[in-house]
Structures are given as C-alpha cells and as structure tokens.
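What follows is a short report on a single structure.
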Amino acid sequence: MSKKLKSFTLIELLVVIALITTLSSIVIVIVSRTRTATDDMKARNNRSQAAKYCSINPGVSTLFGDSVYCDSDLNMWSVTLNTALGEDKLKLPPNSGADTYYWSYPNNEDIVTLYSTNDCNEVPIEDMSKFPACNACRTLNYAGFSEGWRLPTQAIPVRSSTNCTSCARDAVYCAEGRQLWNLGAENCSNWGATACSASQGSCLPSYDPYAVSGVYWSSTQYVATLAWRVSFGGGSVFGNSKSTSLLRVRCFLGQ
C-alpha cells in the first residue's frame, strides 16, 4: 500500500520563503557590521602608527616612496590628491579634470547636520559616497596606509576647551591652531597670526609636488549648505557651497 506524499500549501511555502529572507538579511547585517568594525580597528591602528612615525620623523620625509609631512600635532599629511597618483593610491577619482572635489552631492548637504556631527568624516559608511571630498580621503591608499585617512578639520582642535563650527577662524586671514590652516602656518613663513586682517600670501608646502595656490576643503560644516575651506593663495578662511564648489583636497592620518 503506497504512502501519499504530503505537499506544501502555498501559505507554507510563503512562510518558508519569508523565514529564509529574514535570516539572509540578518546574516548580511552581521557580516557588514563585522567588516565595518574590522576596518575601524585598522584605521585606529594606522592612525596610532602614523603618530608614532611622526614623533621621530617630524617635518618632511618619504615613506614607502611617498612624500609626507608630519606636523607638530603628530598628524601625517598626504600630498594634494591628484590623478597622477594612480588608481592604486587614489581609489576615488576627482569630480573634474582639474583634480577637484565637491564636499557633498546635491540634495545631501544636510545629512551631516542630521547626524549632529558637523564633520563629514563622521558620516556613517553607508552615506559616505554622498560626500566626495571626505570619501576620497577615506579610500586613499598612501604611504603604506590604506585605512584611516581623513579630510582635515577646521574646527578648533579637540584638545582645546572649545570645538565648534563657528570657531573655524580668528579673522578672515588667520585661524591659529586649526588643523588645515595650521598646515600652511607650519610650512610657509609668510603665514602667521599677527596680521589677521591682511592676506597671508601664497603657500606651496615644499613636500607637496601637486600643491596649488588654491582653495582646499576642510571636513568642518559651516551651515547646512556650506563647509569651511582654506585658501592656500592667501590664508583666507570662508564657507563655500558644499554641492557646487569644486575644491582641492589634502588628507591627514592622525589621532
């Protein structure tokens, strides 16, 4: 006497499919979080290693064939991002043929405010592709480090008692102690905090073969539609449109 095979009903099949879909989603989230945590750990380790390197190699040096500058805060600086670096180093190409980047793409300007960070470096990884300047640093592979690079801030350093987006400058032409402006102050003798009402003059750091007397992005938001930038053509510190201004980028690796 033969046994009849029991067939699944449509509802039972739908339940099984739903369970498989749910489990797959959970696995994807776990894998993604694990990968992000691993990348974050590598980035933190690289920043620590860069600081140690800079503690014994201040100023200009060459590391794994790449020119770097170590500032007084033990931050390691890359050269100006340029397509000449090649795709193995520069993973994210510029937004224009002039080696320049937008700070953010249109309709994404307010995401940084949404996360209350005021710094595009702190945007979650899933949104980082909407912020080309910060993402170009995040994906940079330079001087032997492939994780941990960031776009420099223009807010007052964390070690200070103040850290605010409105504190990005002392006056139009000087911003003593701020990370991006300080790179110019350390590299060019014609920059200083004693003549804040007059142009500081052009600054082309000698370690950087791609340096231009132009305007560079910081990671610091000014207002919802503007971000702070520093002109290496005169030291001026202003806010530029995040999604319509194409500016230069240098990256740093540090604590």
Taking R0 as 45 Å, what's the FRET efficiency between Ala98 and Thr21 from their Cβ-Cβ distance, rounded to 0.05?
0.45
Expected sort for Lys91, Lys242, Lys52, Lys130 with the fewest Cβ neighbours (10 Å cutoff) up front is Lys52, Lys91, Lys130, Lys242
Counting other beta carbons within 10 Å of each residue's own, what order do Ser213, Ser78, Ser245 fall into, fewest first?
Ser213, Ser245, Ser78
Tilt of helix 10-56 relative to the longest C-alpha principal axis of the chain, in degrees (0 to 90, nearest 10)?
20
FRET efficiency for Ala195 and Cys167, using Cβ-Cβ distance with R0 set to 25 Å, rounded to 0.05:
0.80
Sorting Met41, Met128 on the 10 Å Cβ count, fewest up front, what's the list?
Met41, Met128
Lys, Arg +1 and Asp, Glu -1 on Cβ, resulting dipole of the chain about Cα centre, debye, nearest 20:
840
Which label in [x] 44, 21, 16; [y] 34, 21, 17; [z] 27, 22, 18 gives the computed semi-axes √(5λ) of the Cα gyration tensor in Å
[x]
For the chain, which span is the longest to avoid every loop-located (per DSSP) member of chymotrypsin sites (Phe, Trp or Tyr not before Pro) having at most 11 other Cβ atoms inside 10 Å?
65-255
Could you give the length gained on full extension between Ser55 and Glu12, defined as 0.36 nm per residue of separation minus the Cα-Cα distance, in nm?
9.0 nm
Once fully extended, how much extra length lies between Met41 and Ser72, figured as 0.36 nm per residue of separation less the alpha-carbon to alpha-carbon distance?
8.7 nm
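Read-outs throughout are calculated quantities, based only on the coordinates presented, and are distinct from any laboratory measurement. Note that this is a predicted model, so its numbers are computed, not measured. Every residue, glycine as well, gets a Cβ built from its backbone with ideal geometry; the counts of neighbours run over all protein chains shown.
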